[in-house]
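One structure below.
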4 protein chains.
Amino acid sequence: MNCENSRDRRLLFLQGNEVCVEAALYAGLGFFAGYPITPSTEIGEQLSKRLPMLGGKFIQMEDEIASMCAIIGASLTGVKAMTATSGPGFSLKQEAIGYAVMAEIPCVIVNVQRTGPSTGLPTGVGQGDVMQSRWGTHGDHAMIVLTASNHQDVFAVTVEAFNLSETFRTPVILLFDEVIGHMREKLVLPEQGEIPLVERLKTSVKEGTNYHPYLPREDGRLPMSDFGGVHRYNVTGLFHDMWGFPTTDPNTAYELLHHLVDKIESASQRIARYNEFFLDDAESVLISYGASARSALHLVESRRAVGERLGLLELQTLWPFPAAIVRERCEHAKYIVVVEMNMGQIAQEVKKAVNDPDRVFLANRFDGNLITHRDIKNILRVIRGGGM
Amino acid sequence: MNCENSRDRRLLFLQGNEVCVEAALYAGLGFFAGYPITPSTEIGEQLSKRLPMLGGKFIQMEDEIASMCAIIGASLTGVKAMTATSGPGFSLKQEAIGYAVMAEIPCVIVNVQRTGPSTGLPTGVGQGDVMQSRWGTHGDHAMIVLTASNHQDVFAVTVEAFNLSETFRTPVILLFDEVIGHMREKLVLPEQGEIPLVERLKTSVKEGTNYHPYLPREDGRLPMSDFGGVHRYNVTGLFHDMWGFPTTDPNTAYELLHHLVDKIESASQRIARYNEFFLDDAESVLISYGASARSALHLVESRRAVGERLGLLELQTLWPFPAAIVRERCEHAKYIVVVEMNMGQIAQEVKKAVNDPDRVFLANRFDGNLITHRDIKNILRVIRGGGM
Amino acid sequence: MNCENSRDRRLLFLQGNEVCVEAALYAGLGFFAGYPITPSTEIGEQLSKRLPMLGGKFIQMEDEIASMCAIIGASLTGVKAMTATSGPGFSLKQEAIGYAVMAEIPCVIVNVQRTGPSTGLPTGVGQGDVMQSRWGTHGDHAMIVLTASNHQDVFAVTVEAFNLSETFRTPVILLFDEVIGHMREKLVLPEQGEIPLVERLKTSVKEGTNYHPYLPREDGRLPMSDFGGVHRYNVTGLFHDMWGFPTTDPNTAYELLHHLVDKIESASQRIARYNEFFLDDAESVLISYGASARSALHLVESRRAVGERLGLLELQTLWPFPAAIVRERCEHAKYIVVVEMNMGQIAQEVKKAVNDPDRVFLANRFDGNLITHRDIKNILRVIRGGGM
Amino acid sequence: MNCENSRDRRLLFLQGNEVCVEAALYAGLGFFAGYPITPSTEIGEQLSKRLPMLGGKFIQMEDEIASMCAIIGASLTGVKAMTATSGPGFSLKQEAIGYAVMAEIPCVIVNVQRTGPSTGLPTGVGQGDVMQSRWGTHGDHAMIVLTASNHQDVFAVTVEAFNLSETFRTPVILLFDEVIGHMREKLVLPEQGEIPLVERLKTSVKEGTNYHPYLPREDGRLPMSDFGGVHRYNVTGLFHDMWGFPTTDPNTAYELLHHLVDKIESASQRIARYNEFFLDDAESVLISYGASARSALHLVESRRAVGERLGLLELQTLWPFPAAIVRERCEHAKYIVVVEMNMGQIAQEVKKAVNDPDRVFLANRFDGNLITHRDIKNILRVIRGGGM
């Protein structure tokens, strides 16, 4: 917190990683476990100071895997839990993330992306983990992944990550990038109550009564009982029945897997967050997210000033991919240009989403530096036949 | 080896996991490190007996990560190295797999898929790791992934995995499944020399001279020098130059990433392995791989017997996805039905590959049991409008 | 009648079979003959109490055939007559139904469908008699068959069945199903006069004058004279002339058969009853009827809530098949999915009705249980390529 | 038998009904039960003399229903059984036919069609029962229905009816018409062995052992044990398990219904019988069956003599409808004209079978007289724009 003495204590000037911290605390974070890794380290560092002061627990664990397991255990006891990492650590956490998916344990995992693959460029920016955030663990399931391009939105999507995590009883990934994490920008801290919070849905089943940890209510939600509390029940990564006991029954397996997928995929409209700029009459539509959306917006605003019909669809929800929104917003576009810092991971999704995928082009950069509005402009010229 | 005393010692009756072992030995496997996990355990078990007898090394490591790291180190010293695992272990290995990609270290990783996500159904079959095998580690790169549906092909693709691994200096994934791994079937053991082997391309640079481990030859291949041998050089997961030394130079990063991707993607025709059955006049084309291709073939053969124009394209190369072959073979098909045991991972690739993706349907099962020819037939009926 | 003492005697909570009874009485039913068969038995049971109190006649006959013959005879004497049965009884009645067609005798036959064929599942639901209701008797003719999916509509179509029966001098089939018959639901009993009633068209020909029972008026209707009353005339199942006397004259046979068919087929627009839900912008149109339309509507409403462009065309008139309405309402649909509890009987008619029949799919269930909104959703997923 | 004294006792001159009798005896008929009805009466009449002489049983029953039930019972004891009727009797038999379908009891039902509906024209010809032969009983199942246009084929399809009945353990309908039944024509009686016969598949299960009457073998066939013999088992029209015991289990119901349908529908290529005349280069293709195919062939032969490119596809298998054959044979036809004696029942199936159904026209007659080659020629002229 850099503005302790400012008149309006709600106006802050922070790094994105610090914004994430403030938002997690706003959402009611009670437990953080992590292992330092650039460019996400400031999240743990800041929480090591802030969380204990607010009655929460901070633990630096021995490694990335232990960090992920710790927040799973903590969450089961009834608190909101988070970890933060970057690419290599995110890869190491995949097995335990799959466990949280299967056991339906709410938690938030922040991945501040650097340039990959492997150790890559620890201090460089990248958006190469988009597909991994969806497909990194084994088996076929669903995932909620959010991102943002500015600090006010970083705050909002971080709170939303906790809300969705509790609503759908599932791990939620916050997929930021190095530029967002380390960039300093203004944040107006929302007042308590300004953003609604979703709290843990506790079971109404009384002590001594049979609690079914995996029996959905009519609305699809599964009330929880704090583990170690008044109810005894089983938690497992195996396919399980409504009591949590392992089963190999094909029907139960089919139903459970569809439950895990459908609770998220069928709510994709509700989970979808996005901003749109100048789309109504746009002949060319840029689609972007995270730090690259900043460059895209810069270009759109400057070209609109000279009358070019350019628009921007900025995605905040990456998974479940908001295909219906993309299709609808791009219906009349002649060119659709996906701006991202990888080899075209979201571009492939956009191609699947729209009619006539030959309209979809990729404007990308993946050398550790932020894609600029000039990079995008150059690519636009080539697309329109104007050459390099 | 069940037929030691048979007249024809080349005719064997084995589990798929044992076939994989025989093929790895045929290909010249020198080192295996692994940690037991169902349904891949027989691979390590068998190698613990066979490999030492042939002068190779077998180590059971303390965990999945150590196993992956051990084969990377062993491979660097000049031997052909392999590990074997299943879903949870495959997730744990992702970080080190990315390292092998970045440091361009040949090795073979077998994933005998079980039903996921998470612990899932350890003894059930699944094909849920197809996307993970491509996207499981962080960053954007490329990957070679092979599979097979019968033991003769298991043998062939296992040898091919070692060959491609050496040719492209890259980890190669063998993505089998529980049914293939545990099913017993006839294998005619190829004679030595019958399948050509690709051996490690050793550098011709002499001792005392500067060896560039990351300087491609004109044909794109990078000769290796056994680590710990006559040359000193650097190996790292960071972006690096031709000496292996870390760099943050954007041009070098750009070139290296394109090298890692292009060496594989631009050879996709050469890497593509597939079988085709009755495709010439097929009105409906099934596309499948692994155990599910057996059920698909069963259906195709039985429906052909009654005159139905049904064909099968069986993929053995899953990544790089053989889009050109799929597009060409499906050009005249009215229905394209992807048969797989997940929620449609290859089906999505097929949709991207073909014109008119509305022709593409999914026939799938993911409850731990093998999809049957009857399951496929039922889905075909629904697709053709005939309902359940 | 469960609400005899309620303040508003018009608000009832009844089984569908009871609703049918109330509607028949509202329409002026004077005679019922039947033989008990699940799941239609409550109709006769209720009428055995109610009909005599209102001056009508109830007879339990010795079998299904006798029941059908009894209502034919009763109707000829000038009263509105009905019978009720289920599949096996409906099969037994076919010969006499054909007689009523040929002799142009108004009557209403209720078939509360159970799961067939044969004895099948007497307490299970089915919609397997749709084609039989059109084609069950020998020879080529036409048939009016109505159904409904909720109790207010059960009431309305039952009254309409009597009206159409009198208007066209023909037997009319009410083709309900077990779920509709046994489900309890609210009914607001219409007041007398709220639904217009069509009464028997009596001849204006005076006693002692030649009455032509089969001489159509200019509007195509054939006035009747109560059999056993002031006129003597012949009634036969043979081809006959305007007096009812048998003939083998080809022209007379040709004219009579065309009269029997055309009086119904050429009025198909007028006879067509249907409901539509969200069709205007529907990308996928469900077509359903009876109990399965309830599940279809459930799905449509829930998917509309999340923005999916799904609509429902609910048919109440099954025969003559409202092909023109189906064609027009489905003109812009990408997918047309017929939801029914058989192997696709109405689906075949829809295929014939629309342009591009490859758009027509079947969502069905025929195992004795009601098709659910989830069943339909799963089939929609397969149709759209999303697999199981 | 009209040619007792002829030199070649194999050359006969018979009514079609008598040919049917000879063929049934050739096939090994052991039991006939029936009730006289024009125009099928000669079948029973002839068998009342011939059958007892050959050691078989003839019973004239009290009515149509009893006749159908009697052959079901007889067949269960192990003999080949048949009944014969016409429209009104066929309607009355529908309920018991459904029982034979459900209980999988081989038997043959002959319907010599007269002009319908109802009593119609007992001595007139008609083909109005085509749809009823498929859909006359309640519930959704499958049916085998054969017909023929000349006496040599009447003989062959009658034997085939018994063969298919035994092969598929199902009732088979022979759908002749009055002209075929009463017309006299030459028949060369095949020698014993000339047409292969399918005999009852008896169970190999020994006395005292559990016999499963509804457990299919690997080839789909269900061996039978003579009822009243060494095994005790249950026979029912209810949904049943492999022992024949009633069940309401949805999976069992689903499997049984699919078994009943698939055993026939999936063998439709094998069941399909047809003749083709001059189809190779036909611009106009007539499709017909039964007596009307005689007129169609007459026209085709006479128009070919003057060079008109007219062909005929004569169907002998009406159900399962040979859609694939119709589609393939009509692929290059400009006009497809279905010639039948009803309002277009097979014409509707042809429209569903072919691409571009606008090519399909109907040439029909339904006044009790045989359609003539002149009737067809007149309709052809109108179709081609030449007017009446």
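Details
Conditions (1) small (Gly, Ala, Ser); (2) open to solvent by 60 Å² or more (accessible area, probe 1.4 Å); (3) at positive phi; (4) in a helix (DSSP H, G or I), marked per residue:
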| residue | (1), (2), (3), (4) |
| --- | --- |
| C:Phe13 | no, yes, no, no |
| C:Val19 | no, no, no, yes |
| C:Glu22 | no, no, no, yes |
| C:Glu42 | no, no, no, yes |
| C:Ser48 | yes, no, no, yes |
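- Pair list, Cβ < 6 Å and 6+ apart or interchain, from region A:17-36 residues that are within 16 Å of A:Cys69 (Cα to Cα) and in contact (Cβ under 8 Å) with a residue 60 or more places away in the chain to residues that are open to solvent by 10 Å² or more (accessible area, probe 1.4 Å) and in a strand (DSSP E or B): none
- Among the candidates D:Ile71, D:Ile65, the residue that is away from chain C (no Cβ under 12 Å) and of a type in the set (A, V, I, L, M, F, W, C) is uniquely D:Ile71.
- Residue within region B:302-310 that is open to solvent by 50 Å² or more (accessible area, probe 1.4 Å) and within 13 Å of chain A (Cβ to nearest Cβ) present: no
- Selection count, region B:216-233, where residues are surrounded by fewer than 15 Cβ atoms within 10 Å (Cβ to Cβ) and of a type in the set (A, V, I, L, M, F, W, C): 1
- Enumeration of residues in region C:345-385 that are within 8 Å of chain B (Cβ to nearest Cβ), of a type outside the set (A, V, I, L, M, F, W, C), touching a helix residue (DSSP H, G or I) at 6+ places or on another chain (Cβ under 8 Å) and within 20 Å of C:Arg309 (Cβ to Cβ): C:Gly385
- Condition check for D:Thr123: at negative phi and without any contact (Cβ under 8 Å) to a residue 60 or more places away in the chain: no
- Any hit, region A:267-277, residues being without any contact (Cβ under 8 Å) to a residue 60 or more places away in the chain, out of contact with any strand residue (DSSP E or B) (no Cβ under 9 Å at 6 or more places or on another chain), within 14 Å of chain B (Cβ to nearest Cβ) and more than 27 Å from A:Gly181 (Cα to Cα): no
- Exactly one residue out of B:His141, B:His151 is in contact with a Leu (Cβ under 6 Å, 6 or more places away or on another chain), of a type outside the set (D, E, K, R), under 28 Å from A:Gln113 (Cβ atoms) and in the same structural domain as B:Ile180 (by TED's automatic domain parsing), and it is B:His141.
- Flag for B:Thr236 being assigned to a helix (DSSP H, G or I), out of contact with any Lys or Arg (no Cβ under 6 Å at 6 or more places or on another chain) and open to solvent by 10 Å² or more (accessible area, probe 1.4 Å): no
- Check on A:Asp262, modelled with pLDDT under 95, open to solvent by 60 Å² or more (accessible area, probe 1.4 Å) and in the same structural domain as A:Glu160 (by TED's automatic domain parsing): no
- Residue in region B:75-94 that is within 12 Å of the chain's Cα centre (by Cα), within 30 Å of B:Leu187 (Cα to Cα), facing another protein chain (nearest Cβ under 10 Å) and not aliphatic (A, V, I, L, M) present: no
- Residue in region D:323-337 that is within 12 Å of chain C (Cβ to nearest Cβ) and either in contact with a strand residue (DSSP E or B) (Cβ under 7 Å, 6 or more places away or on another chain) or over 22 Å from D:Ile264 (Cα atoms) (or both) present: no
- Check on B:Val360, touching a Pro at 6+ places or on another chain (Cβ under 9 Å) and either crowded, with 18+ Cβ neighbours inside 10 Å or among the aromatic types (Phe, Trp, Tyr) (or both): no
- Here C:Arg327 passes the criteria (1) at pLDDT below 95; (2) open to solvent by 50 Å² or more (accessible area, probe 1.4 Å) except the one numbered (1).
- Scanning region C:50-63 for residues that are assigned to a helix (DSSP H, G or I) and open to solvent by 10 Å² or more (accessible area, probe 1.4 Å) yields a count of 3.
- Residue check for B:Ser295: among the small types (Gly, Ala, Ser) and either modelled with pLDDT under 95 or under 30 Å from D:Ile271 (Cα atoms) (or both): yes
- Test: residue in region B:243-257 that is open to solvent by less than 60 Å² (accessible area, probe 1.4 Å) and closer than 11 Å to B:Tyr211 by Cβ: yes
- Residues that are farther than 19 Å from D:Gly73 by Cα and charged (D, E, K, R) were ranked within region D:192-215; the one that is surrounded by the most Cβ atoms within 10 Å (Cβ to Cβ) is D:Glu194.
- Long-range neighbours under 6 Å by Cβ, at least six apart or interchain, first residue under 16 Å from B:Ala27 (Cα atoms) within region B:160-183, second open to solvent by 10 Å² or more (accessible area, probe 1.4 Å) and among the β-branched types (Val, Ile, Thr): B:Asn163/B:Val198; B:Glu166/B:Val198; B:Thr167/B:Val198
- Of all the residues in region C:101-120, those that are at the interface with chain D (Cβ under 7 Å from one of its Cβ atoms) and either at positive phi or under 17 Å from the mean Cα position of the chain (by Cα) (or both) number 3.
The values are calculated or read from the model by the stated rules, or taken from the named source; none is laboratory data. All of these numbers come straight from a predicted model, not from anything done at the bench. Don't worry about glycine lacking a Cβ; one is built from the backbone with ideal geometry, like all the others, and counts go over all protein chains shown. Calculation scope for accessible area: heavy atoms of the full protein, side chains included, ligands and nucleic acids excluded. Shrake-Rupley method; radii C 1.70, N 1.55, O 1.52, S 1.80 Å.
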